[in-house]
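The values are calculated or read from the model by the stated rules, or taken from the named source; none is laboratory data. Just so we're clear, the structure is a prediction, and the values are computed from it rather than from any experiment. Reconstructed Cβ throughout: ideal geometry from the backbone, glycine too, with neighbour counts over all protein chains shown.
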Amino acid sequence: MFEHLKTHLKGKVVLLGIGNTLRSDDGAGSILAHRINGKVAFKVFDAGPSPENYLEKIIKEKPQTIVIADAVDFGGKPGEVRLLEGRNIETVNFFSTHNASISLAINYLQSRVAADIIILAIQPGTLVFGDALSQSIEKTLTQLEDWFSRLASGIAAGEA
């Protein structure tokens, strides 16, 4: 998965983290954005549960790649990560707690910017009210944070 993601990170990259941190694992995308902001060589936005509020900011960045990190129920194991390509999102069967807004956001971005849109989908374990992450999501977020940090180091050293 990491190598596949790395092949998509071309040109100017924007990462948009989406999630409601008051619903446990649903906050995964938002928490990831918070953790990697300032550690990577690309623009990071933490949209919380409202990605529509960041669309114009993303468009102003004129990115070649947009990565949307979000908790997505695709029927996998808690903490499992899948990459979904934005241009094929209509054919993918999944459930995001932000389903309507994420679909609208992707369609809007596709109409306004010629960017490769990737969804970094993280399978939640629980969506109960509370700010505690499940162990599987915490482990996944730590792995993703470490990977993005190492990638940034590689970019800085000209290795990526």
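Here is how the numbers come out for the structure above:
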| quantity | calculated |
| --- | --- |
| Matching residues, the stretch 1-29, being among the charged types (D, E, K, R) and either free of Cβ contacts under 8 Å to residues at least 60 places away in the same chain or part of a strand (DSSP E or B) (or both) | Glu3, Lys12, Arg23 |
| Lone unmet requirement of (1) surrounded by fewer than 17 Cβ atoms within 10 Å (Cβ to Cβ); (2) at pLDDT below 90; (3) among the polar types (S, T, N, Q) for Thr142 | (2) |
| Inter-residue pairs, beta-carbon under 6 Å, first within 19 Å of Lys62 (Cβ to Cβ) and in the stretch 30-50, second at pLDDT 95 or above and part of a loop (DSSP other than H, G, I, E, B), 6+ apart | Val44/Asn37 |
| All positions within the stretch 108-134 that are assigned to a helix (DSSP H, G or I) and either at positive phi or free of Cβ contacts under 8 Å to residues at least 12 places away in the same chain (or both) | Ser111 |
| Subset of the stretch 15-30 (residues that are hydrophobic (A, V, I, L, M, F, W, C) and surrounded by 24 or more Cβ atoms within 10 Å (Cβ to Cβ)) | Leu15, Leu16, Ile18, Ala28 |
| Selected residue [in contact with an Asp or Glu (Cβ under 6 Å, 6 or more places away or on another chain) and surrounded by fewer than 21 Cβ atoms within 10 Å (Cβ to Cβ)] from Lys12, Lys6, Lys39, Lys43 | Lys43 |
| Looking only at the stretch 60-75, and only at residues there that are more than 18 Å from Ala47 (Cβ to Cβ) and modelled with pLDDT under 95, the one that is farthest from the chain's Cα centre (by Cα) | Gly75 |
